[in-house]
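The next block holds one structure in the form of structure tokens; read it before the comments.
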Amino acid sequence: MAYKILWIDDHIEELRSHTMYLGEKGYEVEGVTNGMDGLAMLREQNFEAILLDEMMPGMGGLETLEGIRKIDPNIPVIMVTKSEAEDLMTRAIGKRIDDYLVKPVSPIQVLSALKRQVEARKLTGEEVTRDYMSNFMAVTDRIALAKSPADWEGIYSDLVTWGMDLFQYSDHGLLETQGEQLMAANLAFGKYVRENYHSWIHANPETSGKDIPLFSPRVYEELIEPEVQRSRQVFWITIDCMRLDQVRMIEPLLEPYFHINRQHYWSMLPTATPYARNALFAGMYPEDIAKNYPKWWLDGHHEGSRNAYEGELLNEQLNRIGSAASGSCKYYKIADERDVDPLHRNLGSMGDTRLVAAVYNFLDIMAHGRSQNRILKELAPNEAAFRTLMRTWFEHSNLFDILKSLSRRDCTVILTTDHGSMFCRRSMKIRGNRDTSSNVRYKFGDNLGTDDERILLMKKPGDFRLPAHSSIENYAVTSENFYLVYPTNFHEYERLYRDSFQHGGISVEEMICPFVTLRPR
């Protein structure tokens, strides 16, 4: 298939050798000698790209460019000019030129520019496909041999990168293969976590080093406090229920404003807001929070918010560790986009506040709302569509406005989450009493029962640093992409939760959390 190219140049006849060369390379070139004729042809025909001379009698190149953008805002335009003046280049870029060549140009230079604009997606897709296929067996071997948290962070990060690149640039048929490899990773990861989690959370992190993950309770002291010590002001923003692939989706929006440093930490179990986020702000496991701050740890069956005292828990942690932000910290929770965003409203009055912490719940609300809202489910039928929807929210949110404002300040921004989510596909039966919790990736209640080894059954919650409300209460946490359903009305609830985003379980998506440090450019 030949690519149709429009070349607007008042000396088009002198470029015959160029057009012949391009024809041999698969480009069909239509030439016109002035801007008016070029615009008329663009209205009548479809072209893949335009080569545009900057200096022409009558309608010049920049004026012609304005007309092109009115007809087709997205067609790639390559400007060809004799001038190397910086102001001309700046004006051309400002009018959304896609590439820039300075005369005299060789046929090879023109071909290279066209390939960058017309064939970039195809060439990138071919390279992504080759890269993934050449690494397929290596990743499979890495999954089988993974023995450390760093191994799993690398595997998950690479699988996310390939999944997003394959979706954007390549044959979507390979996405099924990548999805199967991610399932295999979660199968092995579930076993790895079930075998090690108990010892991890009781190990001394100072002597165990890299053999144990950095879990939620130590995130502030290990990753955030050092930034507070070295920075004039730190903004710590937690987006509830955000996964690594979703962060990657919004990073291109942030890159013009910030230098980005990427790290990971691991959510504790259950990977659910009442446990993981309280632990994040308190710097303690839930058992210790319930013991030391009983008035701030609401009963597990309480209908109200179980994260009502995060600000108080954070201030207690700052005082306990002697933080540089102790006495100079503000906390905000933004629970609903329909409400006034208090951080956005008060941004101008932060003054010399050393640490500003904020929680945004909108992504979690959107993930849960998708299960009950037919329109949302149609808009986001799968994980790729959901992260696109997430990017749309972020791009038009107060949060993005805040971050753009912060890029002009002397501050450091930390963007992270409390846990991720899993796109649940398979049901699993579990037995429990009437008052057992309704969560579907994890459950807590009296006398929970299961015979499936893919469930981590915590018969003594205290051994897993979780509070128990009775002597016979226990916790059950599932893995891979399973969700837990009681035998009663099994098929009804199986249909209700299939293909829904849930959290609380064991998976790379839920446990391995993005931790991004943003420094203004």
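The values are calculated or read from the model by the stated rules, or taken from the named source; none is laboratory data. Bear in mind the structure is a predicted one, so any value in this text is a computation, not a measurement. Ideal geometry is used to build each Cβ from the backbone, glycine not excepted, and the neighbour counts take in all protein chains shown.
Descriptive notes on the structure:
- The number of residues in the stretch 259-275 being closer than 26 Å to residue 409 by Cβ and either at pLDDT below 95 or more than 16 Å from the chain's Cα centre (by Cα) (or both) comes to 1.
- Boolean, residue 159 is touching a residue at least 24 places away in the same chain (Cβ under 8 Å) and in contact with a Leu (Cβ under 6 Å, 6 or more places away or on another chain): yes
- Scanning the stretch 130-170 for residues that are among the β-branched types (Val, Ile, Thr) and loosely packed, with under 15 Cβ neighbours inside 10 Å turns up just one, 140.
- Members of the stretch 245-286 that are surrounded by fewer than 19 Cβ atoms within 10 Å (Cβ to Cβ) and β-branched (Val, Ile, Thr): 260
- Checking every residue in the stretch 287-300 against the condition of being at pLDDT 90 or above, under 22 Å from residue 214 (Cα atoms) and either of a type in the set (Val, Ile, Thr) or surrounded by 22 or more Cβ atoms within 10 Å (Cβ to Cβ) (or both) gives at least one match.
- Selection over the stretch 406-421 of residues that are out of contact with any strand residue (DSSP E or B) (no Cβ under 6 Å at 6 or more places or on another chain) and either more than 20 Å from residue 228 (Cβ to Cβ) or among the β-branched types (Val, Ile, Thr) (or both) gives a count of 2.
- Residue 415 vs. criteria within 15 Å of residue 254 (Cβ to Cβ) and of a type outside the set (S, T, N, Q): yes
- Per-region count, the stretch 349-364, residues surrounded by fewer than 17 Cβ atoms within 10 Å (Cβ to Cβ) and either more than 27 Å from residue 223 (Cα to Cα) or small (Gly, Ala, Ser) (or both): 2
- Identification of helices (runs of 4 or more DSSP H) wholly contained in the stretch 256-331 with 2 or more residues that are more than 18 Å from residue 236 (Cα to Cα) yields 273-282, 286-292.
- Condition met for residue 345 (of a type outside the set (Phe, Trp, Tyr) and either farther than 20 Å from residue 247 by Cβ or modelled with pLDDT under 90 (or both)): yes
- Failed criterion for residue 209 (all others in (1) over 30 Å from residue 389 (Cβ atoms); (2) assigned to a helix (DSSP H, G or I); (3) modelled with pLDDT of 90 or more hold): (3)
- Among the candidates 397, 427, the residue that is surrounded by fewer than 22 Cβ atoms within 10 Å (Cβ to Cβ), under 16 Å from residue 502 (Cβ atoms), modelled with pLDDT under 95 and polar (S, T, N, Q) is uniquely 427.
- In summary, residue 195 fulfils each of the numbered conditions (1) assigned to a loop (DSSP other than H, G, I, E, B); (2) exposed (fewer than 14 other Cβ atoms within 10 Å of the Cβ); (3) at pLDDT 95 or above with the single exception of condition (1).
- Matching residues, the stretch 482-495, being within 17 Å of residue 421 (Cβ to Cβ) and surrounded by fewer than 20 Cβ atoms within 10 Å (Cβ to Cβ): none
- Within the stretch 393-407, residues that are of a type in the set (Asp, Glu) have Cβ atoms under 8 Å from residues that are in a helix (DSSP H, G or I) in these pairs: 395/250; 395/253; 401/344, counting only partners at least 6 apart in sequence or on another chain.
- Restricting attention to the stretch 477-492, the residues being on the phi < 0 side of the Ramachandran plot and in contact (Cβ under 8 Å) with a residue 24 or more places away in the chain number 11.
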